Amino acid sequence: MIKPHKPHLRNPLKNARGLGSAKDGTGHFIVQRVTAIALVFLAIYAVGLIISMIGDDYATVRATVAHPCHAILLTAFSIATFWHAKLGVQVIIEDYVHTPFSATALHLLNIFVCALAGIASVLAIVRIALGA
């Protein structure tokens, strides 16, 4: 029995979307843009908060950072900052490092440094917020 020929009704863009060399380039691009947009607003907030605390004593600054709203937004700023940095450095490594061993070592170093710095900053904010 001969199967009837099915016309290809898919749009060529549908076939290509999200299928970069690593099969996740579009997702990486979108996450990097979302973190960049979040950082615009969070950086404005963080700079404004820092400017508002200029000249305050230690106890006042600590109480300000310990406020739940400030602690949450500063934590979001820290996470977004180090996640965005990790993604940006990853792109640089993929574009400019061509030896497999060096690329792997730099990718691991990038992940380790960004994760460690992010965890340390979140821990510092949590310790201030909890009064430890």
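Laboratory data are not the source of any read-out in this text; all were calculated from the coordinates shown. Bear in mind that the values here come from a model prediction, so they are computed numbers and not experimental data.
Shape index of the range 25-130: Rg/Rh, with Rg the Cα radius of gyration and Rh the Kirkwood radius from the inverse mean 1/r over Cα pairs, equals 1.08.
Counted residue by residue at 0.36 nm each, then reduced by the alpha carbon distance between them, the extension gain from ALA63 to VAL97 reaches 7.7 nm. Compared with the alpha-carbon gap, the fully stretched path from ARG33 to TYR45 is longer by 2.4 nm at 0.36 nm per residue. Across the range 37-51, computed HN-Hα scalar couplings (Karplus, 6.51 cos²θ - 1.76 cosθ + 1.60, θ = phi - 60°) run 5, 4, 5, 4, 6, 5, 5, 4, 4, 5, 5, x, 5, 5, 4 Hz from first to last residue, x flagging Gly and Pro.
Each residue of the range 101-114 is assigned a 3J(HN,Hα), and the resulting list reads 5, 4, 4, 5, 4, 5, 4, 5, 5, 4, 4, 5, 5, 5 Hz, derived from the Karplus form 6.51 cos²θ - 1.76 cosθ + 1.60 (θ = phi - 60°), x at Gly and Pro. With contacts taken as Cα pairs under 8 Å at a separation of at least 6 residues, the range 25-130 carries a relative contact order of 37 percent.
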